[in-house]
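Below: the structure, in structure tokens.
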Amino acid sequence: MADKSKVVIVSLAILVIVLAVVVLYAFVIQPAIQGYNVQQQTTGAQQGIQYTVASIMQQVAQCQVVPLTYGNTTINIIAVDCLQRPAQ
């Protein structure tokens, strides 16, 4: 009977260790590895946003009307300075 108890205890100990390794990998190691890729994508997205905003600002600075559309809504942007200039 004592031998069966030892076998059960050793088997449970091995299962607990395997479970701990799986949890460690799933919640610590894998997100750390994928986090590197996410940061790279975020940097690219930020550069895209910066480029877009700079392009809009350049067009608006030249007194051009810039239409912005999101879904079914469109707004036109123009610089306030362009509205305050006397008509030519």
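Using the Karplus relation 6.51 cos²θ - 1.76 cosθ + 1.60 with θ = phi - 60°, the per-residue 3J(HN,Hα) values for segment 66-73 come to 10, x, 10, 10, 9, x, 9, 10 Hz, with x marking Gly and Pro. Length available on full extension from residue 73 to residue 58: 0.36 nm per residue minus the Cα-Cα distance, which gives 3.1 nm.
Values quoted throughout were computed directly from the atomic coordinates according to the rules given, and no laboratory measurement underlies them. These numbers were taken from a predicted model, which means no experiment stands behind them.
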